[in-house]
Every structure is written in C-alpha cells, then in structure tokens.
1. Hey, any hits in region 45-57 for a residue that's out of contact with any helix residue (DSSP H, G or I) (no Cβ under 6 Å at 6 or more places or on another chain), in a loop (DSSP other than H, G, I, E, B), surrounded by 13 or more Cβ atoms within 10 Å (Cβ to Cβ) and of a type in the set (A, V, I, L, M)?
2. Output yes when any residue across region 74-92 is in a helix (DSSP H, G or I), more than 10 Å from the chain's Cα centre (by Cα) and either of a type in the set (Gly, Ala, Ser) or not assigned by TED's automatic domain parsing to the domain that holds Ser113 (or both), and no when none is.
3. On the given criteria, is Arg87 charged (D, E, K, R) and modelled with pLDDT of 80 or more?
4. Step by step: first the residues of region 100-158, then only those that are farther than 27 Å from Gln48 by Cβ and not in a helix (DSSP H, G or I), then the one that is modelled with the lowest pLDDT. Which residue is that?
Amino acid sequence: MAASKSSAIASDPIDALLAAHGLRRTAAARWVLGWLLAHPEVSYTHAQLQAALVSDDHGALDRVTLYRLIDRLTQVGLLLCRVDTQRLRRYQAMPSSVHAIPHFECQSCHRDSPLAGALQSSANDLETAARSALDALKALGYQGMHMDLSVRGVCAECASGVPAAQQESH
C-alpha cells in the first residue's frame, strides 16, 4: 500500500511538490498550485486569483480558504509574494530553478509585466548575481530566501497616452 501511494505522488508533479514542502495534498492545494504553475508569467492579487479560479469551472474556493492556502504556499517558497505600489499583495508561482523573477510595474495603470523575455540576453547574469547574493546571505545564516527584482516606472502605453488596444490597431 505504501509503495503505491509513493508512486502516485511521484507520478503527479503537483503532489510531489506539495509533499516535498510538507504540505497536505488536498484538492484545493493541487488546484491552486497547478493553476499558478500553469500561468507562471502572471502575478495575481488574492481577488484576481479567486476570480480566475472561479472561471476555471472547478467551482469556487471561499476567500479565507484561498488566503490561508496561498499564505502556506508562500511560506514554503512555492509562491512569490510581492507588495505593489498600491500595497496589494501579488502572488505568482516560484519555479525552483529561478532565484529572481524580474518584473516591471507601471505606476500609472499598475499593470505588472514580467521582464524575463525583455532581459533574456542578461538572464544568465541576473541569475548568477541572484544566486551569489543568496549564497552569501545563506553563509551568514539567513534561511528561506528568494529575491524579487522590481522595476517601477510608467509603461510605454501610459507614457504615450494611447491605450494598448489602440496602439495594436495602428
């Protein structure tokens, strides 16, 4: 019985991640982590994540259950939590191979845009710098760290005064 249970965990990567981080493998935990891993380029507020999950046709999680679940996933390092300029918490999947997730937040429209593609030519340098900084802190005894590279300013659409939808049609 134990062998079949461990092989079932090994065959499901979501279950394996939850088990490896000491979390219960509930349907809600699998659903939320699976959703965020399937959308790694997007950071969600609590309300946005709840709305996205409702539109996924799995039913709905109540607000408190979702909050507690994303809090646990963040505590064990499976999610990255950032606070934006409006002081809203944003959550996104934290791939285990990534030590820094660069992103740009527009201070006008508050759209959050990943910069991984834009910084592709510098990605190795960024990853090396992040790993070096985290290793230095770990040597000093710090634990459970992740790095958040945030760039804030005004996006091209807001700077030009032309909404993105109108720019695409021209």
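The values are calculated or read from the model by the stated rules, or taken from the named source; none is laboratory data. These figures come from a predicted structure and were not determined experimentally. Cβ coordinates were reconstructed from backbone atoms using ideal geometry, including for glycine residues, and neighbour counts include every protein chain displayed.
1. The answer is no, given that none of the residues of region 45-57 is out of contact with any helix residue (DSSP H, G or I) (no Cβ under 6 Å at 6 or more places or on another chain), in a loop (DSSP other than H, G, I, E, B), surrounded by 13 or more Cβ atoms within 10 Å (Cβ to Cβ) and of a type in the set (A, V, I, L, M).
2. Checked against the condition, which is being in a helix (DSSP H, G or I), more than 10 Å from the chain's Cα centre (by Cα) and either of a type in the set (Gly, Ala, Ser) or not assigned by TED's automatic domain parsing to the domain that holds Ser113 (or both), region 74-92 yields at least one hit.
3. Answer is yes for this residue.
4. Among them, the one singled out is Gln143.
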